[in-house]
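The values are calculated or read from the model by the stated rules, or taken from the named source; none is laboratory data. Just so it is clear, the model here is predicted, and its values are computed rather than measured. Every residue, glycine among them, receives a Cβ derived from its backbone with ideal geometry; neighbour counts consider all protein chains shown. We work out accessible area using only protein heavy atoms, side chains counted, and drop any ligands, DNA or RNA first. Shrake-Rupley method; radii C 1.70, N 1.55, O 1.52, S 1.80 Å.
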Amino acid sequence: ADMYSSIAQRIAAVCNSVSGGIGVFFPSYAVLEPTRNHLASQMERDATLRARRTVLVERPGLTNEEADGIMSTFKSGHGCILLAVQGGRFSEGEDFPGHAMDVSIVVGLPLSPPSPATYADYRQMETDRFDRHQAYMVLSLLPALRKAFQCAGRHVREPGKVGLVFFMDSRFAQQSVIDLMPQWLREDLVKAHFEPDSIASITRDFFSTARIR
């Protein structure tokens with residue numbers, strides 16, 4: 001509960017510091033739902049935040065019609081918050097023009113849970129003379145990072161678009177992961193453990209400078 005509350009506080013800090021839309025991408029529905037509940041509690045206590053933001057949520061088993069409705073609302077509304085899962089239907093193949101999405105928040109790394117099939121794949125790779133680290137890279141880490149980086153780039157799909165990305169997981173600060181990031185993500189990367197007040201300040205300063213440019 002403390003972790004979900006901490007994540008929600010940081011999401012709320014971003015929401016209070018930028019006027020455009022925000023996409024928050026979780027590793028699973030199991031992380032999305034409790035964080036959503038804590039964010040709802042944050043918004044209930046903050047009347048200004050509650051009045052300014054509409055929260056849209058990706059749920060398991062959405063029909064195409066329901067998904068289209070969520071996307072239509074997100075893109076036509078101003079300052080909506082989209083809570084979605086990495087590797088889900090809103091994390092790939094959707095572009096967000098203008099200020100439909102100004103910030104991407106990537107929460108966690110979507111590593112596949114252990115399963116008999118995964119263990120079998122690991123054993124096969126080790127049989128093929130891959131060591132355990134190489135097997136982990138190919139079967140687990142690289143697919144997870146691909147999903148995370150797809151989410152990070154949802155809002156910067158057109159020339160000149162300015163956007164901010166937050167990675168909320170200490171594993172993204174590991175040099176081995178940074179080395180695998182696309183060049184555009186590495187260029188202005190800042191690593192630190194930021195409290196909500198610092199996140200709010202960073203967000204306001206970033207978009208203030210972006211407007212001046």
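Values for this structure:
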| read-out | value |
| --- | --- |
| Single residue of R129, R204, R154 found to be assigned to a helix (DSSP H, G or I) and charged (D, E, K, R) | R204 |
| Pairs where the first residue, in the stretch 110-126, is in contact (Cβ under 8 Å) with a residue 12 or more places away in the chain and the second is assigned to a helix (DSSP H, G or I) and polar (S, T, N, Q), C-beta under 8 Å, 6+ apart | L111/S140; S112/T118; S112/S140; T118/S140; M125/Q134 |
| Verdict on Q150 being closer than 20 Å to D95 by Cα and open to solvent by 40 Å² or more (accessible area, probe 1.4 Å) | yes |
| Single condition H133 does not satisfy, out of (1) farther than 22 Å from A12 by Cβ; (2) at pLDDT 85 or above | (2) |
| Close pairs from the stretch 173-199: first within 16 Å of R146 (Cβ to Cβ) and among the β-branched types (V, I, T), partner part of a helix (DSSP H, G or I) and open to solvent by 50 Å² or more (accessible area, probe 1.4 Å), Cβ under 8 Å, at least 6 apart | V177/R171; I178/R186 |
| Number of the condition not met by Q134 [criteria: (1) outside any helix (DSSP H, G or I); (2) more than 23 Å from G79 (Cβ to Cβ); (3) open to solvent by 40 Å² or more (accessible area, probe 1.4 Å); (4) free of Cβ contacts under 8 Å to residues at least 60 places away in the same chain] | (1) |
| Every pair of residues 6+ apart whose Cβ atoms lie under 9 Å, when the first sits in the stretch 14-30 and is under 17 Å from M71 (Cα atoms) while the second is polar (S, T, N, Q) and open to solvent by less than 20 Å² (accessible area, probe 1.4 Å) | I22/S104; G23/S91; G23/S104; V24/T35; V24/S104; F25/Q86; F25/S91; F25/S104 |
